[in-house]
Amino acid sequence: MNLLLIGPPGAGKGTQAKRLKEAYRIVQLSTGDMLRAAAAQGTEVGLKVKEGMDRGELVEDALIIEMISDRIDQNDCKNGFVLDGFPRTLPQAEALTGLLADKGLALDYVLELAVDDDAMVKRITGRFTCAKCAQGYHDEFERPAKDGVCNKCGSTEFKRRADDNEETVRTRLAAYHNQTAPLLAYYRNTGLLTSVDGMASLDEVTDQLKGAILRG
Ligand code: AMP
């Protein structure tokens, strides 16, 4: 099963993609994670994209499309995948349709996490993760049970994304509205799109997503 999650930064795509990955035994393909890993490793691609990412700007289409196409060819994607953060522009969406068709594949569901923009700034600027196991937390909504200690692995090291500051979040939200939101009409036209209420609790959102998949 091949899924696509769409929503602005902070909508919960990454969190929900991890849950769907486990529920359906598919892989999570997050272009943001891939680019951050490349930047951290200092690869050629990583060095090229880091500054723009830190400003909240989108990376050029051709680079992203090639990266995701190569990733989908890997063996672990055979059982299906959940795309999180790609496509983000109309040319990316059109390229995805074409490259999947060339591989004999297609998307089964496109799921929108519909959220309230103003709430996203608060969600994003407060979020942090365990540096060791990547468990997600929030300054206000989800603090570790014991301050400074990860609930899941006991690590005392945490990190925040370089682009999770208020100024950059506003640029990222603008990029979503200008460049990514037109994808909703594109996928509505193909009959693949279902919208769920991304402002509900994490468990409720997961249930709604699974419900949309069950209903077909
Ligand atoms: P994310 O982790 O999805 O919020 O992505 C973080 C940053 O990576 C974005 O603000 C962009 O700079 C870059 N990025 C991730 N996915 C894409 C994409 N599909 N197209 C262009 N830029 C992307």
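FYI, it's all coordinate maths here, none of it is from the lab. From a predicted model like this one, the values you see are computed outputs, not experimental measurements. Every residue, glycine as well, gets a Cβ built from its backbone with ideal geometry; the counts of neighbours run over all protein chains shown.
Using θ = phi - 60° and the Karplus form 6.51 cos²θ - 1.76 cosθ + 1.60, what ³J(HN,Hα) does each residue of the stretch 133-139 get, whole Hz, x for Gly and Pro?
10, 6, 4, x, 9, 8, 3
Under 5 Å between amide H atoms, partner at least 5 residues away or on a different chain: which partners does Tyr109 have, H built in plane at 1.01 Å?
When sequence neighbours closer than 5 places are left aside, the close amide H contacts are Asn2, Leu4.
So what are the radius of gyration and Dmax for the Cα set of the stretch 146-216, in Å?
That works out to 17.6, 48 Å for Rg and Dmax.
If amide hydrogens are placed 1.01 Å from N in the peptide plane, which non-local residues have theirs closer than 5 Å to the one on Gly80?
Distant-sequence amide H within range of Gly80: Val27.
For the stretch 43-81, which trypsin sites (Lys or Arg not before Pro) are both in a DSSP coil and crowded by at most 16 other Cβ atoms within 10 Å?
Those that pass, being in a loop and sparsely packed, are Lys78.
How much length would be gained if the chain were fully extended between Val149 and Ala181, taking 0.36 nm per residue of separation minus their Cα-Cα distance, in nm to one decimal?
Answer, rounded to one decimal: 7.7 nm.
Output wanted: per-residue J couplings in Hz (rounded whole) for the stretch 88-105, from phi through Karplus 6.51 cos²θ - 1.76 cosθ + 1.60, θ = phi - 60°, x for Gly and Pro.
10, 9, 4, x, 5, 5, 5, 5, 4, 4, x, 6, 5, 4, 4, 8, x, 10
Let me have the 222 nm mean residue ellipticity of the chain computed from DSSP H runs of 4+ only, each contributing -39500 (n - 2.57), with the sum over all residues rounded to the nearest 500.
-14000 deg cm²/dmol
5 Å is the cut-off here: which amide hydrogens, built 1.01 Å from N in the peptide plane, fall below it relative to Ser155, excluding neighbours closer than 5 in sequence?
Cys150
Could you give me the ³J(HN,Hα) list for the stretch 17-33, computed from phi with Karplus coefficients 6.51, -1.76, 1.60 and θ = phi - 60°, whole Hz, x at Gly and Pro?
Karplus-based 3J(HN,Hα) across the stretch 17-33 equals 4, 5, 5, 5, 4, 6, 5, 10, 6, 10, 9, 8, 10, 10, 5, x, 4 Hz.
Using the eigenvalues of the Cα gyration tensor, what equivalent ellipsoid semi-axes result for the chain when each is taken as the square root of five times the eigenvalue, whole Å, largest first?
So the three semi-axes of the chain are 26, 21, 18 Å.
Go ahead and run the numbers for FRET between Asn189 and Lys210, Cβ-Cβ distance against an R0 of 30 Å, rounding to 0.05.
0.75
Report, to one decimal in Å, the Kirkwood hydrodynamic radius for the stretch 162-202 based on all distinct Cα pairs.
12.2 Å
Using 1/(1 + (r/R0)^6) with R0 = 25 angstrom and r between the beta carbons of Glu157 and Thr15, what's the FRET efficiency to the nearest 0.05?
After rounding to 0.05, the efficiency reads 0.75.
Springs between alpha-carbon atoms under 10 Å, Gaussian network over the chain: tell me which of Arg127, Arg25, Arg36 tops the mean-square fluctuations.
Per the Cα network of the chain with a 10 Å cutoff, Arg25 tops the list.
Roughly speaking, what is the centre-to-centre gap between the stretch 127-141 and the stretch 158-178 when only Cα atoms are used, to the nearest Å?
17 Å
Only Cα pairs within less than 10 Å get springs; with that Gaussian network setup on the chain, which residue of Gly104, Gly126, Gly32 has the largest fluctuation?
Top of the fluctuation ranking is Gly104.
How large, in Å, is the stretch 1-93 by the Kirkwood hydrodynamic radius built from its alpha-carbon pairs?
It works out to 13.7 Å.
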